[in-house]
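Colleague: Let me give you the structure first, and then I'll get to my questions.
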Amino acid sequence: MQHLNHEFHVTQAIGLQSLFELHFLSSALLFGAVKLLGALYLFYVGVRHFLGRASVVNQNDTKPGIETMPNPLNLYREAFLLATTNPKPILFFTALFPQFIHAQAPLLPQFFALTGIFMALSFITLIGYAAIGERARTLLLKPRFSKWINRVAGAVFVSFGAALLTLRRPAV
């Protein structure tokens, strides 16, 4: 009986996603509002990066072997807020996971397997980023380079915002 309950919830989630997608695509007002809010957010982030000061860590601020750590609660709060408000992973998982879920098999082991694979790939990717960052450390410590990176990132965000404004609602 529990197996049927899981199937019902999966079917319910897929149905709700389909209804939302259909309503989103058919509602010009909703599509336009989401598009405008997204573009404004990208403009805000872009201008903030472009006009912001170079954020460079001064190696002389700390003694060798002693690093100042930010408050762990603040780090957790910031990471949690970022993770829960970022629509990209939510859309990614709702689009990707259902393709690999078999309705006839128990859902919990499938969920753990897919999550484990995703976490392993994320870990490998983040280790790669850390290795690249360590190699680029000398460049990243230069204020001029940091300012240049911020300006390029700001310009990219603004251009993505402008591109988002040119998007047309697909025909239903």
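The values are calculated or read from the model by the stated rules, or taken from the named source; none is laboratory data. Remember, it's a predicted structure, so these values are computed and weren't measured experimentally. Don't worry about glycine lacking a Cβ; one is built from the backbone with ideal geometry, like all the others, and counts go over all protein chains shown.
Colleague: If you go through segment 143-172 one residue at a time, how many are assigned to a loop (DSSP other than H, G, I, E, B) and modelled with pLDDT of 90 or more?
Modeller: So in segment 143-172, the residues assigned to a loop (DSSP other than H, G, I, E, B) come out as 166-172.
Add one more test, that the residue is modelled with pLDDT of 90 or more, and what stays is 166.
Qualifying residue count for the region: 1.
Colleague: Do we find that F80 is touching a Gly at 6+ places or on another chain (Cβ under 8 Å), surrounded by 10 or more Cβ atoms within 10 Å (Cβ to Cβ) and at pLDDT 80 or above in this structure? Walk me through how you get there before you give the answer.
Modeller: Details: touching a Gly at 6+ places or on another chain (Cβ under 8 Å): no; surrounded by 10 or more Cβ atoms within 10 Å (Cβ to Cβ): yes; at pLDDT 80 or above: yes.
Taking the combined requirement at face value, the residue does not satisfy it.
Colleague: Go through segment 96-110 residue by residue and tally those that are in contact (Cβ under 8 Å) with a residue 40 or more places away in the chain and in a loop (DSSP other than H, G, I, E, B).
Modeller: 3
Colleague: Take I117 and tell me if it is surrounded by 11 or more Cβ atoms within 10 Å (Cβ to Cβ), among the β-branched types (V, I, T) and assigned to a helix (DSSP H, G or I). Before you say what the answer is, go through the steps one by one.
Modeller: Working: surrounded by 11 or more Cβ atoms within 10 Å (Cβ to Cβ): yes; among the β-branched types (V, I, T): yes; assigned to a helix (DSSP H, G or I): yes.
For I117, the condition - surrounded by 11 or more Cβ atoms within 10 Å (Cβ to Cβ), among the β-branched types (V, I, T) and assigned to a helix (DSSP H, G or I) - is met.
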